[in-house]
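Worksheet for the structure shown next.
The values are calculated or read from the model by the stated rules, or taken from the named source; none is laboratory data. Model, not experiment: these values are computed from the prediction. Backbone-built Cβ (ideal geometry, glycine too); neighbour counts: all protein chains shown.
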């Protein structure tokens, strides 16, 4: 029965985190799952990828597992997390060509992945290009190039969804002035709406799934973006 105690503790931590979204509680929950995470990461010791990058991806998948876990389905939290760890295989398979890059480039990719994972945990959402730029001290353009190189298949779509979004000129002063007046959340919606800064152009529905919001909420954010950027069109 002793092995039941850690499971009860993890479940209680999960319940506390779901209610509060507290960063410290999430950290404790990830720490409790660390043996499972490390076991999965160790399976890729021969892969030409930095271990820290694989660990960051494994923790990212663990957080996604926490977000989707439903105790009513009968599976233990650890079992659910372990199932999500299988997605680490796809990550390693997709990015194993990093091993052929120069050591300096590999280090840069490693830094980018760790920084993105850190900001995602800290903010409870995907960081915007500007937030990554500030943390890394890179230009937004450089962050965008890295996103293009490392991005996964998120289901590219060409439609903007039900709401007609303005056809902004990517090379206009809009990006030099208006873009930086948007909130980080608005910047993410903008980037995914028109395919900027390495983001893939997504439908409203896919943006909503990506940012864990409803399509209606994304529509309202788009309207705020339009209102803010209209003055920079001329």
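Of all residues in the stretch 31-53, which are closer than 21 Å to residue 123 by Cα and touching a helix residue (DSSP H, G or I) at 6+ places or on another chain (Cβ under 6 Å)?
Once the filter is applied, which keeps residues that are closer than 21 Å to residue 123 by Cα and touching a helix residue (DSSP H, G or I) at 6+ places or on another chain (Cβ under 6 Å), the stretch 31-53 yields 32, 33, 52, 53.
Tell me, please, whether a residue that is modelled with pLDDT under 85, farther than 23 Å from residue 143 by Cα and out of contact with any helix residue (DSSP H, G or I) (no Cβ under 9 Å at 6 or more places or on another chain) can be found in the stretch 106-127.
No, that holds for no residue.
Cβ contacts < 6 Å: first residue farther than 17 Å from residue 123 by Cβ, restricted to the stretch 184-196; second residue crowded, with 19+ Cβ neighbours inside 10 Å, any location; separation 6+ or different chain. Result?
Pairs found: 190/225.
Can you tell me which condition residue 37 does not meet? The list is (1) modelled with pLDDT of 85 or more; (2) more than 16 Å from residue 146 (Cβ to Cβ); (3) surrounded by fewer than 18 Cβ atoms within 10 Å (Cβ to Cβ), and all the others hold.
So residue 37 meets the others, but not (3).
Here is a yes/no grid of residues against (1) in contact with a helix residue (DSSP H, G or I) (Cβ under 6 Å, 6 or more places away or on another chain); (2) farther than 30 Å from residue 27 by Cα; (3) at pLDDT below 85; (4) not in a helix (DSSP H, G or I):
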position	(1), (2), (3), (4)
148	no, no, yes, no
170	no, yes, yes, yes
186	yes, no, no, no
199	yes, no, yes, yes
208	yes, no, no, no
223	no, yes, yes, no
227	no, yes, yes, no
